[in-house]
1. Taking the condition loosely packed, with under 14 Cβ neighbours inside 10 Å and of a type outside the set (D, E, K, R), does S95 pass?
2. Tell me, which residue of the stretch 57-75 that is closer than 24 Å to N25 by Cα and out of contact with any Ser or Thr (no Cβ under 9 Å at 6 or more places or on another chain) is modelled with the lowest pLDDT?
3. Does the stretch 1-37 hold any residues that are in a helix (DSSP H, G or I), touching a Phe, Trp or Tyr at 6+ places or on another chain (Cβ under 7 Å) and farther than 17 Å from E148 by Cα, and which are they?
4. Could you grab me the full set of residues in the stretch 130-162 that are charged (D, E, K, R) and assigned to a loop (DSSP other than H, G, I, E, B)?
5. Between a residue in the stretch 136-150 that is touching a residue at least 40 places away in the same chain (Cβ under 8 Å) and any residue that is among the acidic types (D, E) and in a loop (DSSP other than H, G, I, E, B), which pairs come within a Cβ distance under 8 Å, given they are 6 or more apart or on different chains?
6. Since Q159 meets every condition but one in (1) loosely packed, with under 14 Cβ neighbours inside 10 Å; (2) of a type outside the set (V, I, T); (3) in contact (Cβ under 8 Å) with a residue 40 or more places away in the chain, which condition does it not meet?
7. If you scan the stretch 2-21, which residues turn out to be farther than 16 Å from F53 by Cα and either surrounded by 19 or more Cβ atoms within 10 Å (Cβ to Cβ) or touching a helix residue (DSSP H, G or I) at 6+ places or on another chain (Cβ under 9 Å) (or both)?
8. Please find, among I133, I164, I124, the residue that is closer than 30 Å to F53 by Cα and surrounded by 11 or more Cβ atoms within 10 Å (Cβ to Cβ).
Amino acid sequence: MGIGAKECFSVLSSGIIVSINSKENREIAHFLSIEDNFSEFDETVSKIGFKLFGENGYFYMSRQENLSGVELDRFIDRHRKVFQSLSVLKKLFPSLNQSQTVKKSDFTAKYKENEDLQKMAEKIFKESDFENIKENIFKVLQKGGVLEQIANTQKDEYQVLNSIKYYMNILERI
């Protein structure tokens, strides 16, 4: 049995952004990549007040009406660590974009060369231990759907998912 609207709704309604280059949610992304499936799913969720978005190789669902000021503040608070972690990563890898990879070992080397960034990250995570900061950044970006660990023996390499554009678009507007 393949992926259908029920599975898509279950994932997207939890706030997950589904990237076409994700191994974890590939089936959902491919299902939504089919124009008829996308249209039908969007029509279905619109009946309960949601809208489906699909752009730049990622999909997400949002409420149809604009967020109030309080709701916008809550959204930012819920995603604050993702924005902050992404900010640290982009300072170290300014040209980082979807479908590229990033290694923790490269992150370590670049991070240790940048004292200003170290101070910023220590403030963000209220932590001074580098290993904890590094693990937090990668964990937050994985949970936020920005990075996905590439299956290898070192567990050092991560795929940058298409959803990075979603977060970068928001950061550019703020």
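The values are calculated or read from the model by the stated rules, or taken from the named source; none is laboratory data. Note that the structure is a prediction, hence the values are computed from the model and not measured. Ideal geometry is used to build each Cβ from the backbone, glycine not excepted, and the neighbour counts take in all protein chains shown.
1. On the way: loosely packed, with under 14 Cβ neighbours inside 10 Å: yes; of a type outside the set (D, E, K, R): yes.
Yes: the conditions hold for S95.
2. F75
3. Narrowing the stretch 1-37 to residues in a helix (DSSP H, G or I): 5-12, 26-33, 35-37.
Now drop any that are not touching a Phe, Trp or Tyr at 6+ places or on another chain (Cβ under 7 Å), which leaves 5, 8, 12, 29, 32, 37.
A5, C8, L12, L32, N37, listed by residue number.
4. If the condition is that a residue be charged (D, E, K, R) and assigned to a loop (DSSP other than H, G, I, E, B), then K155, D156 are the ones that fit.
5. N136/E127; E148/E24
6. That leaves (1) as the condition not met.
7. G2, I3, G4, E7, N21
8. Unique residue meeting the criteria: I164.
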